[in-house]
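Any read-out appearing in this document is the output of simple, stated calculations on the displayed coordinates, not a laboratory observation. Quantities reported herein were computed from a predicted structural model and do not represent experimental measurements. Heads up, the Cβs are rebuilt from the backbone with ideal geometry, glycines too, and the neighbour counts pull from every protein chain shown.
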Amino acid sequence: MVMLLLLVLIARQVHWLDYRVVGSDGLSSTSPGLFSCLRGFQLLPFIVATGLQVLTIHLAAFRWRLLMLVQGIVVDLRSVTTLSYLGEFFNSFLPGAMGGDAVKAFYVMRHTGRRGATLVSIFANRFAGLLAMVGVSVIVLAGWLLSGKGDVSSLKQPVYSIFFIAIGIAAVLFAALNKRLNNSQTLQALIVRLPFSRQLEVLREAMHRHRQMRGMLLPITVYSALIVVAFILSTMFVGMSLGINLTWYHYFVYMPLIMIMTAVPITPGGVGVMEELFLYFFSSAGDPQKILAMALLYRLTLVICGLPGVVIFFSSTKISRREIADGLVDMNANEEAIPSDPNDDCSPLKGG
């Protein structure tokens, strides 16, 4: 219901038809509405963009399976991919931790009975994605600034916050991987007092368990980089389908930041938030209606990719949002294993 209300609110703010605007000089002119922006729409680049989004789902499934193997959770690739599509479907309707990750955790816990390991694997999967997004954005932005070939004034000021995010992540990684700090009673006492102490403890545990995954570090890094590049290229092709004139580095610098900000659980599926961020960061492209059209078409690629999850969800056991919430609360509060039922035909997990 909240999702529908947000969509209605956004729809009421969109100029669907051409409209008149009065400039600072007092002269009026006609600005194209959303329908006019879509008249030059090219289908082929949009199909490529959707295909790249599908690729990111499969690459993320490969990465998550490797991270589960580190935790001793063995699930066949087909089941992991099925859960990834299911999570993609729920990402469009549930905010933050109540999104696709929660649904995937619910099914994996029920199938394997591994509460703590499941939480750590999903958190590590999300954190690996965050690292890759920040890394790609920092590398492109730093390279562009050092080259001296671009117009620095054209960059939006918040983009520089990516450097502070990178520094923060580096500090967290150092603290999590340093044995002396891990054994520090002072640090542990400080973490317990923080409002997000549970998340930090999960991160510390994830880093501790994944320190010995040397043989898997390279493929996980490669998968993470490919996922980020694929979703950025997907956005570029959406822009190409509308004839939007933006340089490649704007996509590589801004899109990771947009996705990081959209991940904050403000609205279901980030509806409204992502569109506003598109309008802000890509305003240099000119007509805001065209940028809004790009944001809506990009969201459409996400919805299309989540459609297989609809079939998976309605062909498996129906679960409510409350059940998912209760499952996660129970998982966080109790590390004892729950009984698993591998023969449950209603579960989307069929394989070992």
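So for Asp101, Asp287, fewest C-beta neighbours within 10 Å to most, what's the order?
Numbers: Asp101 20, Asp287 15.
Taking fewest neighbouring Cβ atoms as first place, the list is Asp287, Asp101.
Among residues other than Ser224 with Cβ under 12 Å from its Cβ, the summed charge is +2 (Lys and Arg +1, Asp and Glu -1).
Charge tally around Thr118: other residues with Cβ under 10 Å, Lys/Arg +1 each, Asp/Glu -1 each, net +4. Subtracting the Cα-Cα distance of Leu218 and Arg180 from 0.36 nm times their residue separation leaves 11.1 nm of extension gain. Net charge in the neighbourhood of Leu302 (other residues with Cβ under 13 Å of its Cβ; Lys, Arg +1, Asp, Glu -1) is -1.
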